[in-house]
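Everything below concerns the one structure shown next.
The values are calculated or read from the model by the stated rules, or taken from the named source; none is laboratory data. Keep in mind it's a predicted model, so treat the numbers as computed, not measured. With ideal geometry, Cβ positions are generated from the backbone for all residues, glycine too; neighbour counts draw on all protein chains shown. These accessible areas exclude ligands, DNA and RNA; they are computed on the full protein's heavy atoms, side chains included. Shrake-Rupley method; radii C 1.70, N 1.55, O 1.52, S 1.80 Å.
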Amino acid sequence: MPNISIEIFKGRTLDQRRELVSGITEAAVSALGIKPEGVRITFFEIERTDLARGGVLFSDMDTAPAAAK
């Protein structure tokens, strides 16, 4: 039974989550030859202030100069 953890920014809709878990479950079933009931997915919501890339917080990327993105 795979346990799949997903970190996402807060604000995704319930429909977006449904679509994502459906696609990931299908991929796991296909790749691993298991039943859908054997796939467990956990979401961890994070704030844009909790993650950075290239020395810039994601919360600051909307306002950062294009060269820093």
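Exactly one of these conditions fails for Ser5: (1) in a helix (DSSP H, G or I); (2) open to solvent by less than 100 Å² (accessible area, probe 1.4 Å). Give me its number.
Against the list (1) in a helix (DSSP H, G or I); (2) open to solvent by less than 100 Å² (accessible area, probe 1.4 Å), Ser5 comes up short only on (1).
Looking at Gly38, is it over 22 Å from Ser5 (Cα atoms) and at pLDDT 95 or above? Give the steps one after another, and end with the answer.
Numbers: over 22 Å from Ser5 (Cα atoms): no; at pLDDT 95 or above: yes.
The answer is no for Gly38.
Which ones in segment 11-23 are loosely packed, with under 10 Cβ neighbours inside 10 Å and of a type outside the set (A, V, I, L, M)? Outline the logic, then answer.
At the first step, the residues of segment 11-23 found to be loosely packed, with under 10 Cβ neighbours inside 10 Å are 11, 13-15.
Gly11, Thr13, Asp15, listed by residue number.
Report yes if Arg12 is of a type in the set (Lys, Arg) and in a loop (DSSP other than H, G, I, E, B), otherwise no. Write out each step before concluding.
Values: of a type in the set (Lys, Arg): yes; in a loop (DSSP other than H, G, I, E, B): yes.
Against the criterion (of a type in the set (Lys, Arg) and in a loop (DSSP other than H, G, I, E, B)), Arg12 qualifies.
Scan segment 24-39 for residues that are more than 12 Å from the chain's Cα centre (by Cα) and part of a helix (DSSP H, G or I) and jot them down.
Narrowing segment 24-39 to residues more than 12 Å from the chain's Cα centre (by Cα): 25-39.
Those that are more than 12 Å from the chain's Cα centre (by Cα) and part of a helix (DSSP H, G or I): Thr25, Glu26, Ala27, Ala28, Val29, Ser30, Ala31, Leu32, Pro36, Glu37, Gly38.
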